[in-house]
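So the structure is just underneath, and the comments pick up after that.
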Amino acid sequence: MDSINFSPEENKKFDDIFKLYLQAKSIIIFAEEVDADSKYNDQVWKEIRDAFDHLARVIFDKKLNSSNLEKADPGYSVKNLDKAFGHVYRACYDAAEGAIFWELYI
């Protein structure tokens, strides 16, 4: 597999996404434990799926345009990395909200 070269800005955004995900993961797991029937977790997994979709778009675009950089949109990767970060953030928020709901009201 060919290596993909990311800009320093793209690398920082990847780092930010993965750091947030590592923090969000423990909240998501806790939310799953308190909501054993998974009544509130559907939105969390939709957000994680959507984040992965944006990451896949970045990697696919980089691989597709690696030999033809003049066709590549320089802002495409950054825009999609920002969207991926937003989805992970919302997944974390939704998981925390669900966990609080189940802990307080059920």
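The values are calculated or read from the model by the stated rules, or taken from the named source; none is laboratory data. From a predicted model like this one, the values you see are computed outputs, not experimental measurements. A quick note on method: Cβ atoms are made from the backbone with ideal geometry, for glycine too, and the neighbour counts reach across all protein chains shown.
Being more than 25 Å from Ile4 (Cα to Cα) and either modelled with pLDDT under 90 or surrounded by 14 or more Cβ atoms within 10 Å (Cβ to Cβ) (or both) is a property that Asp42 has.
Going by the conditions given, is Asp53 closer than 18 Å to Pro8 by Cβ, at pLDDT 95 or above and either assigned to a helix (DSSP H, G or I) or among the β-branched types (Val, Ile, Thr) (or both)? Taking the combined requirement at face value, the residue does not satisfy it.
Would a scan of the range 34-47 turn up a residue that is assigned to a helix (DSSP H, G or I), without any contact (Cβ under 8 Å) to a residue 60 or more places away in the chain and within 15 Å of Phe85 (Cβ to Cβ)? There is at least one residue in the range 34-47 that is assigned to a helix (DSSP H, G or I), without any contact (Cβ under 8 Å) to a residue 60 or more places away in the chain and within 15 Å of Phe85 (Cβ to Cβ). Of the residues making up the range 72-87, not a single one is touching a Gly at 6+ places or on another chain (Cβ under 7 Å) and at pLDDT below 95. Kindly indicate whether Phe14 is part of a loop (DSSP other than H, G, I, E, B) and surrounded by 15 or more Cβ atoms within 10 Å (Cβ to Cβ). The answer is no for Phe14.
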